Each structure stands twice: as structure tokens, then as C-alpha cells.
Amino acid sequence: MDAEDKKEELMEWLSKLEEPSVLYKIAKIKEESESETEFDFDKEWENGYTVEEFKAEMHKRIKAYPWKK
């Protein structure tokens, strides 16, 4: 069964569903999946490395590589 068939099957099942607790759980899953896809660039920028921190981290990572001499 491919994704499109599964979606159609689920939509048909949801249209017939009347159990409030199940509908609530599905709505919660939908809300969580939508909030996970949001990306706040400004927030991520504030949490990012400064130039000095970035350089230090890169030097640390490069030195940690198992170089063969």
C-alpha cells in the first residue's frame, strides 16, 4: 500500500470517526507535527556561535580527527 492509498484510507476513517478522545489525540498529533516544522531564524541566530566560538570549535574538531602520519 503506497502513501496515497494510506492517506485516503485514513481520511475515510477520520470522516466516520465520532469518538472524542480519539479525535483529541489525533488533533494533538497534528498540532505537534505542525509546531516541529516551524523554524525561527532569529531565535536560532541568537543561540548560534560567535566567530571566536566557531573558530575554536572547528580547531578542536579538526585536532580530534584521527590523522595518519
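Every number here is computed from the coordinates shown, using simple stated rules; none is lab data. For clarity, every value in this text was computed on a predicted model and none was experimentally measured. Neighbour counts are summed over all protein chains in view; Cβ atoms, including those assigned to glycine, are modelled from backbone coordinates with ideal geometry.
What to note about this one:
- Neighbour count of at most 13 Cβ within 10 Å plus DSSP loop: longest chymotrypsin sites (Phe, Trp or Tyr not before Pro)-free window in the chain: 1-38
- The longest part of the chain holding none of the exposed loop GluC sites (Glu not before Pro), meaning those outside H, G, I, E and B in DSSP with at most 11 other Cβ atoms within 10 Å, is 39-69.
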